[in-house]
1. Quick check: Cα centre of region 239-308 to Cα centre of region 137-215, how many Å?
2. Summing +1 for each Lys or Arg and -1 for each Asp or Glu, what net charge is found among the other residues whose Cβ lies under 13 Å from the Cβ of Leu92?
3. What accessible area, in Å² to the nearest ten, does a 1.4 Å probe give for Lys296?
4. Summing +1 for each Lys or Arg and -1 for each Asp or Glu, what net charge is found among the other residues whose Cβ lies under 12 Å from the Cβ of Lys255?
5. In what sequence, highest mean first, do 104-117, 151-164 appear when ranked by Cβ atoms within 10 angstrom?
6. Just the number please: accessible area per residue for region 208-290, 1.4 Å probe, all protein chains included, in Å².
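The values are calculated or read from the model by the stated rules, or taken from the named source; none is laboratory data. Predicted, not measured: the structure shown is a model, and the values here were computed from it. Neighbour counts are summed over all protein chains in view; Cβ atoms, including those assigned to glycine, are modelled from backbone coordinates with ideal geometry. Ligands, DNA and RNA are stripped out before the accessible areas are found, and what is left, the full protein with its side chains, is counted by its heavy atoms. Shrake-Rupley method; radii C 1.70, N 1.55, O 1.52, S 1.80 Å.
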Amino acid sequence: MDFTIGRKGFFTYLKSLGGSNIVKVVPANGSASGLQANGHKRLKVVCGANTSYLDDMAWVGEKTPLTLCDVRVSPSNTVKPNLGALELSEALSRVIPFTAREDNRPVLQCVLFKVAEGKLMLVSADGFRLAVVKLDFDGDEGEVLINRDELMGVASALSRAYRVRMSFEKSGESLDGMSLVLDTELIRYEWRSVDGNFPDYEQLIPADFNTFVSFDANEAIKAVNSLKALSDSKAYPIDLSIGNGKVIMSNPDDKGLAEIPADTMGEGRIRLDGSYLADALRACGGMVDLKLADGKSPMLFTSPDYELVVMPMLTSESQQPTDEAQTAEPEAEPADVEEAVAEAEAITKAKPKRKHKAKEPVAV
């Protein structure tokens with residue numbers, strides 16, 4: 001027997017019960033008390049001393065989004081795994097933070113699941129950063145777009161599963177639609193793909209560099225936190241100076257600096273948003289490789305099976321003297337990537353982009 005209920009309303013109800021961490025959810029057994037003598041199917045929810053009967057379509061209204069997730073619980077589900085559960089959980093945690101939060105960019109609010117040539121690619125972008133995870137995968141080729149909000153809780157749940165199998169299935173309502181299905185020993189998740197086309201992300205990953213550096217992400221995070229504490233505002237740009245076997249991180253106003261030992265090849269200097277740098281370091285973890293072309297071009301963070309493109313903030317040193325580059329605050333001017341922005345916006349059918357604040361990084 002299938003029931004459809006609103007996710008947010010159901011979660012709010014469970015939180016209001018409190019007092020117990022065990023919830024029993026079963027179809028009503030057909031008795032007068034279960035159906036309350038009205039003949040309608042109901043879902044029986046038992047939590048501690050509380051018992052309730054929920055109607056089908058409870059908490060589902062006219063404004064409820066149509067991004068539905070089917071969850072089926074079975075104590076004896078046999079799963080032939082084609083992907084590591086912990087591996088998938090970690091992969092999701094490395095791409096979800098780099099999805100867009102603006103409602104006028106629905107496609108960039110999603111994670112792209114793409115299977116091709118024995119690889120599963122998870123891709124996300126927010127207009128300023130682009131994250132790609134590649135995993136070995138044994139399954140049919142296909143691709144779907146799943147909204148970030150549907151995946152946030154699943155990443156944590158998968159870390160507790162022993163086996164997981166991922167597959168694509170045709171959506172029942174559309175011959176062209178696809179759904180993403182994840183099977184574990186206890187739960188079957190199914191999400192319908194969001195309509196839309198993801199930008200051609202491979203074209204946005206830079207390939208030409210002249211500065212290379214490898215360093216410990218954990219040590220770098222400590223340096224970023226120390227510089228953040230010295231900042232007077234939430235926006236805290238950080239300058240990276242690379243060369244001579246070290247990376248020097250500093251505040252633009254010379255309030256502090258930190259040196260990190262590193263393996264370097266070439267020399268370079270670049271400025272980026274401090275919170276973006278911290279996010280990149282946490283996503284990479286361990287030893288991270290950073291590649292630069294110059295102070296105004298996209299930088300590439302890499303670790304095994306992971307790539308993250310981050311756009312820099314221009315400084316007066318990185319600006320080229322052109323007649324069109326006049327600005328009142330040159331140190332905070334975003335880099336010029338209008339062609340990439342136009343392509344992404346056209347594909348995602350987004351509204352015209354808003355004017356960015358002066359200290360925002362450039363858009364991918």
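1. Each part reduced to its Cα centre gives a spacing of 29 Å.
2. Result for the neighbourhood of Leu92: -2.
3. That residue has around 70 Å² of solvent-accessible surface.
4. In short, -3.
5. 104-117, 151-164
6. Here the residues of region 208-290 average 48 Å² of exposed surface.
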